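What follows is a short report on a single structure.
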Amino acid sequence: INDFEVYDDQILILDQNKKLLKYAIDGTCLQSLTLDFYPSSLCVVDSEQLLLTSAYQAEEDKFHVYNLNTLEKVNSFYPIEKPQITWRHFRGQTNFYRYKDKLLYHEPMNNTLYNLRDTTLMPIMNVDLFGRNAPDDFWQRTFDNVMDINLEANDQKYCFGIPSYCENDDNLWFTYRDGANYRICLYSKEDMSSIQSSNIYIPELSANISVDEIYFSLESKHEQMMVITGDMLNEDVKVNILNVSADYD
């Protein structure tokens, strides 16, 4: 499973083997569709539209709109400038977040947050991370592979990306790359200040561990995040839910 979403008592699943699956909430398989591209993430836009993103760096990679009820493709479009499509989409993350009436789109190697309206991405926020954002000419170059991008970004200690994002009326939460590290940022809307973490420290472990994925919950008065840390967790510490405060480092 690359991504999934529950909507109107149905479960929509993206299978990395080029499949889109629809299940009833009781587990009954309702529909199965073989795609002509490798999918990355999905989002139910409304009661009629389903949006899928592509996973690999190729010119044909686009956003794809499907009918939610029939799973028939409606249309495809380039989300951002076509020349930049080669480095913008990568497997392994959810790209969408809803805040009030907005459908937000974010990427792991892009410092801009977008509002998706119909088939247009409207930039609404550009994150400046200590003035160490990768310069424009860095992204205009041709790299042989993603590893080369990562190696140079680590060497130059560039800060970039919004792999995880969420928002409520008080705060913004997001993760970003700081050289070879993944960090978390808490931004207060009230006083327009921010706090950055170092790599997450979990007391049950003897050492700091790097962050693979982070999921935030802002549905209650207590903000929470779940940290997925890959294979470094022992059998006794599989999942950690951390209550977050200003000194959450």
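The values are calculated or read from the model by the stated rules, or taken from the named source; none is laboratory data. Source: prediction; values computed, not measured. Positions of Cβ are backbone-derived with ideal geometry, glycine not excepted, and every protein chain shown enters the neighbour counts. Remember, those area values only see protein heavy atoms, side chains included, never the ligands or the DNA or RNA. Shrake-Rupley method; radii C 1.70, N 1.55, O 1.52, S 1.80 Å.
Give me the extension gain from residue 150 to residue 99: residue separation times 0.36 nm, minus the current Cα-Cα distance, reported in nm with one decimal.
Contour length minus Cα-Cα distance gives 15.3 nm.
Protein chains only, probe 1.4 Å: how do 44, 74 rank by accessible area, largest first?
74, 44
Given labels modelled 7 Å from the Cα in the Cβ direction, how far is it in nm from residue 138 to residue 6?
3.9
From the backbone phi of the range 2-16, what are the Karplus-calculated ³J(HN,Hα) couplings (6.51 cos²θ - 1.76 cosθ + 1.60, θ = phi - 60°) in whole Hz, Gly and Pro given as x?
The phi angles translate into 7, 7, 7, 8, 9, 8, 6, 6, 10, 10, 9, 10, 9, 8, 5 Hz.
For the range 99-158, go through all pairs of different Cα atoms, get the mean of 1/r, take its inverse, and jot down that Kirkwood value in Å.
13.3
What's the extension gain from residue 195 to residue 49 if we count 0.36 nm per residue and subtract their Cα-Cα distance?
Contour length minus the Cα-Cα distance gives 48.8 nm.
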